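The values are calculated or read from the model by the stated rules, or taken from the named source; none is laboratory data. In this text the structure is predicted, and so the values were computed from the model without any measurement. Cβ placement follows ideal geometry from the backbone for every residue including glycine, while neighbour counts extend to all protein chains displayed. We work out accessible area using only protein heavy atoms, side chains counted, and drop any ligands, DNA or RNA first. Shrake-Rupley method; radii C 1.70, N 1.55, O 1.52, S 1.80 Å.
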Amino acid sequence: MSTLTIRLPDNTSERLKSLARSRGLSMNKLVEELSAQALAAWDTENHFRALAATGDTIQALAILNRLDDEDRSPSGNEFRDKNAPPKRGKDTTGAPPSKRGR
């Protein structure tokens, strides 16, 4: 394990101390946890960048276009959860406007 000394503005230091207290953690443990979260996010970003670099852009765009076309189709329900509420602005009940939502 290594020791790291960092310089922070006083306000930032006080806010971090307050955050640590509110979570019942020491400053050391808080910085350790925040560092782990930052590194996990960085690793995820790098992973997806590597996948994107090896991907087929034309095929990916074709898939997105197909999904857009399906969203614009008359039913628009190809991938929709049948138990989910209807999308706003669409009447799926078939009821006249005066009877909707009753």
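Things to note:
- Put simply, of ARG21, ARG49, ARG15 the only residue that is open to solvent by 90 Å² or more (accessible area, probe 1.4 Å), of a type in the set (D, E, K, R) and under 23 Å from the mean Cα position of the chain (by Cα) is ARG49.
- Selection of region 1-24 for residues being of a type outside the set (A, V, I, L, M, F, W, C) and assigned to a helix (DSSP H, G or I) yields ASP10, ASN11, THR12, SER13, GLU14, ARG15, LYS17, SER18, ARG21, SER22, ARG23.
- In region 11-23, the residues that are under 15 Å from SER35 (Cα atoms) form Cβ pairs under 8 Å with partners that are surrounded by 13 or more Cβ atoms within 10 Å (Cβ to Cβ), at six or more places apart or across chains, as follows: LEU16/MET27; LEU16/LEU30; LEU16/VAL31; LEU19/LEU30; ALA20/MET27; ALA20/LEU30.
- Qualifying residue in region 25-47 (condition: under 21 Å from ILE6 (Cα atoms) and in a loop (DSSP other than H, G, I, E, B)): yes
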